[in-house]
1. With each pseudo-label sitting 7 Å past Cα toward Cβ, what's the Phe7-Leu19 distance in nm, one decimal?
2. Give me the one-decimal nm value for the distance between modelled label points at Ala58 and Leu42, 7 Å along each residue's Cα-to-Cβ direction.
Amino acid sequence: MGEVLPFSRKGGGKKANSLCREGHHKWKVDTAKKFDVKQGKLVTVYRCERCGFIKTTAH
């Protein structure tokens with residue numbers, strides 16, 4: 001009879017970041033910066049609560 005090998009599970013990683021990798025961010029408005037000097041417009045800065053990715057939109 002052969003050797004019995006121990007069964008080991010692979011690490012799954014963080015589930016919150018897997019959502020962000022698929023494009024499902026959890027956006028929250030970051031109120032620290034409201035005016036962009038280069039564009040000369042008001043901007044809304046969104047920051048993902050899970051991974052910290054930043055998205056900006058000009059108004």
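Every read-out reported here was derived from the displayed coordinates using simple, explicitly stated rules and does not represent laboratory data. From a predicted model like this one, the values you see are computed outputs, not experimental measurements. All Cβ positions, even for glycine, are placed from backbone atoms using ideal geometry, and neighbour counts span all protein chains on display.
1. Rounded to a tenth, the inter-label distance reads 3.0 nm.
2. 1.6 nm
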